[in-house]
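All remarks here apply to the structure that follows.
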Amino acid sequence: MTFMTQAGLVLLSIGGLSGMLLYVALDKPKGWLGIKQISRFRQGHIDALVIGTILLSLGTLTVLPAAIGWVIIVSGYYTALATGALAWWPEWPTHTRLAWWLDFISLSSFAIGLTAAAISSFVIV
């Protein structure tokens, strides 16, 4: 099993666990467990499931150059976890310019990494 496949399985398990927490949180009053915006938590849950599935499929179906794989893994994890964390700290991306740049670089790196993976799948034999 490749590291990317393992990373995908871990992110899928984070998505599953966050889904259980989300299910419980929906019946609780606003602010339960410090959650300020349940919609952000839901989006983080979905991101973890989707990005975990992407990592899992890339890890089992293709052989990627290591640099592309690491860009996708690191930026994918940051994207999913940071989105979920916005449920507790919704003002974080606008708090400092550094936080905004981290989010922008992560999302851009994930998109560029997936594009590079698609291109490399045609080039690598």
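Structure data summary
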read-out: The range 10-34, residues that are of a type in the set (A, V, I, L, M, F, W, C) and either under 12 Å from the mean Cα position of the chain (by Cα) or surrounded by 18 or more Cβ atoms within 10 Å (Cβ to Cβ) (or both); value: 10, 11, 12, 14, 22, 25
read-out: Residue in the range 67-81 that is at pLDDT below 90, in a helix (DSSP H, G or I) and either farther than 22 Å from residue 42 by Cβ or polar (S, T, N, Q) (or both) present; value: no
read-out: Subset of the range 1-57 that is part of a helix (DSSP H, G or I) and of a type in the set (Ser, Thr, Tyr) - its residue that is nearest to residue 87 (Cα to Cα); value: 39
read-out: Hits in the range 87-119 - residues which are within 17 Å of residue 77 (Cα to Cα) and not in a helix (DSSP H, G or I); value: 87
read-out: Within the range 109-125, tally of residues that are free of Cβ contacts under 8 Å to residues at least 24 places away in the same chain and among the polar types (S, T, N, Q); value: 1
read-out: Among the residues listed as 76, 59, 44, the single one being within 18 Å of residue 23 (Cα to Cα) and in contact (Cβ under 8 Å) with a residue 12 or more places away in the chain; value: 44
read-out: Flag for residue 60 being among the polar types (S, T, N, Q), on the phi < 0 side of the Ramachandran plot, assigned to a helix (DSSP H, G or I) and out of contact with any helix residue (DSSP H, G or I) (no Cβ under 8 Å at 6 or more places or on another chain); value: no
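The values are calculated or read from the model by the stated rules, or taken from the named source; none is laboratory data. All figures in this text were calculated on a predicted structure; none of them were measured in a lab. Virtual Cβ from ideal backbone geometry, glycine too; neighbours counted across all protein chains shown.
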